[in-house]
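Q: One structure is given below, represented as structure tokens, and several questions about it will come after.
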Amino acid sequence: MNDPNDAKREMAGVEEFEGLVLADVIPKLDKWWFQYPNLRKLNLLLLSAFLAQFTCGFDGSMLNGMQSLPLWREAFGDPTGANLGTLVNAINIGVLVSALFSSQLCEIFGRKKPITLGTFLIVVGSALQGGAQSLGMFIAGRIIIGLGTGIVAVAAPQLMTEVAYPTHRGKMVSLYMTQWVVGYLVAAWTTFGTFKMNSSWSWRLPSILQGVPAILQLILSFWVPESPRWLVYKDRRDEALSVLSQYHSCGDHDSRLVRFELLEIEATLEEEKKHKAIQWSEFIRTSGNRKRLWILLFMGFAAQLSGLGLTGYYLTKILNSIGVTNANTQLLINAIAAVWQLCCSVLFAMLIDRVGRRGLITFGITTMLVVFIVWTICSALNEERHFSDRPLALAVVAMIFLFQVGYQPFAISTVPYVVECSLYSLRSKTAMIFQFCGYSASFFTGYVNPVALDRIGWRYYIFACAVLGVETVFAWWYLPETKGKGLEEIGQIFDGDELLTGTQAITKKREEKYSAFDESSLRERKAVSASHVEKGEE
């Protein structure tokens, strides 16, 4: 028989937080986060997830720079068109293959173990790529890098979203996306620096460096805490409490923040389990999940169909098309563009909690549309004048830089927005679909971009303008704002009364506890009454 006192204590805990939201129980920090040992340690360990995008950004800039390296072109037969597309897409093939099982890995083994596996594969692939003795070996290394990247890219944003201190979550996950730019920057300046090397190390060194951050990730992944939400879902409540108390309140199990977080997580996941919200069919079963799915597909495809591939992997071709053909100049523009991208991405990442996810996304897409329209017009006029009008060529270069003012606020918002909008039980599948959509689009543009640029030149930019026009309408019309809400509370925006989450789930839990307590008390009274009757008969 359950102890009524235990039920009373549990009810008291539920009642204490009824009607509150996460923001109401977060203590005000009177020092910088790095002055708190728990937050300093947590954010250091989360580097194992934080650096995941470095590999992707490094790859985009590295191959772009290598196309300007004579010894790389000589080693692999000066690839163009479809052959160049195969080299670029090798990493996308690996990512797409990993999409077949990455979500299952995260659901079964948690978030940290897949990060360990993925980073190990990236290290192995980078070694093969850097030591390649043939085109086949180079491609094989890139496919293995893609496998590892795909696994880490599904697990990492989930781990950061679910473990980060509540007020750090938005900036942490948006800064995670800036690592793409950091990787791009490092690769751009590395290939610029190795340009004058008269040996195969001009391309081998950048290839090997791609795996260096993965080594740090691999080491840290053994100590990073597991997601408390995954632990609760696996009925490992005490471990979840230990993680939350150690990293969110310096080990204080009685902290109001920790108790509220754990209660909200438990109440929400109980509701998800009741609704069995883990099957693939759940994406289309409710109106809230259908909206999530549309947003997920939009974000996944939009990131790669908005012209990014043109300014990343194929910047060299664009510069050639406007008459900027000097290899040293191309590498310098690529390197300077990387610095500019980093400045833009960090600036907008720091604004995400103030402006909001929706605000950055709509601003970014609208800006990209305007820039690409001007870019297309300038490119057309430049061709019409036989590339003799230097101001028009400079205008195109300026548009390449201005494009980042739109792309970066959009890019750094996509992952935090998609991951935090998802139900916990569908979060691994959501991250996997997002990666699959993004890399499918990247696979498409990886083959189409070089062929289209060779065949129709600037006219191909009209496609990017059309896509951005559709994206602009969708973003302004369909995307809700999520800033300032806890993970479990965001569900209320999408689900309403269809699936109770956050504070709604806490209220329902209180009602159920009251009901259970009343029934327990009634049974106790009946048992006492029956005992008295029996004694009377004796």
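Q: Rounded to the nearest Å, what's the spacing between the alpha carbon centres of region 122-170 and region 328-398? Just the number, please.
A: Region 122-170 and region 328-398 have Cα centres spaced 27 Å from each other.
Q: Arranged by the count of other C-beta atoms within 10 angstrom, fewest first, what order do Leu331, Leu347 take?
A: Taking fewest neighbouring Cβ atoms as first place, the list is Leu347, Leu331.
Q: Let me ask something else about it. In Å and on Cα atoms, what radius of gyration and Dmax does the chain show?
A: In Å, with Rg to one decimal and Dmax whole: 26.5, 115.
Q: Based on the alpha-carbon gyration tensor of region 413-485 and its eigenvalue square roots a ≥ b ≥ c, which shape applies: rounded if a/c is under 1.5, prolate if not and a/b is larger than b/c, or oblate?
A: Since a/c reaches 1.5 but b/c is at least a/b, the shape of region 413-485 is classed as oblate.
Q: Compute the Cα gyration tensor for region 180-331, then decide on rounded, prolate or oblate, letting a ≥ b ≥ c be the square roots of its eigenvalues: rounded whenever a/c is under 1.5, prolate when a/b is larger than b/c in the other cases, and oblate in all that remain.
A: oblate
Q: Counting Lys +1, Arg +1, Asp -1, Glu -1, what net charge surrounds Pro480 among other residues with beta carbon under 15 Å of its beta carbon? Walk me through the intermediate numbers first.
A: On the way: positive: Arg290, Lys291, Arg292, Arg357, Arg358, Lys483, Lys485; negative: Glu420, Glu481, Glu489, Asp495.
Local net charge: +3.
Q: Shifting gears a bit: What net charge is computed for the residues neighbouring Trp223, neighbours being all others with C-beta under 12 Å from the C-beta of Trp223, Lys and Arg scored +1, Asp and Glu -1?
A: +1
Q: Now, a different point. Test of understanding: ordering His168, His386, His253, His248 by Cβ neighbours within 10 Å, fewest first, what list do you get?
A: Ranking His168, His386, His253, His248 by Cβ neighbours within 10 Å, fewest first, gives His386, His253, His168, His248.
Q: Sort 209-216, 32-39 by packing, meaning the average of other beta carbons within 10 Å per residue, with the highest value first.
A: Packing proxy ranking, top to bottom: 209-216, 32-39.
Q: Let's test this: bin the Cα-Cα distances of region 168-249 at 5 Å from zero up to the farthest pair and state each bin's percent.
A: Bin by bin from 0 Å, the calculated values are 3, 12, 13, 15, 14, 12, 9, 7, 6, 5, 3, 1.
Q: Something else now. Using the structure shown, list the pairs from Lys113/Lys234; Lys112/Lys273; Lys41/Lys112 with a Cα-Cα distance above 18 Å, or answer none. Before the final figure, lay out each step's value.
A: Numbers: Lys113/Lys234 15 Å; Lys112/Lys273 23 Å; Lys41/Lys112 16 Å.
Table pairs above 18 Å Cα-Cα are Lys112/Lys273.
Q: By its C-alpha gyration tensor, with a ≥ b ≥ c as the square roots of the eigenvalues, how is region 36-176 shaped: rounded for a/c under 1.5, else prolate for a/b larger than b/c, else oblate? Spell out each step's value before the answer.
A: Numbers: a/c = 2.69, a/b = 2.00, b/c = 1.35.
Taking the square roots of the gyration eigenvalues as a ≥ b ≥ c, region 36-176 is prolate.
Q: Can you sort Phe301, Phe50 by how many other beta carbons sit within 10 Å, fewest first?
A: Final ranking by Cβ density, sparse to dense: Phe301, Phe50.
Coordinate-derived values only; no laboratory data. A quick note: this is a predicted structure, and the numbers were derived from the prediction, not measured. Please note: Cβ atoms are built from the backbone with ideal geometry, for glycine as well, and neighbour counts cover all protein chains shown.
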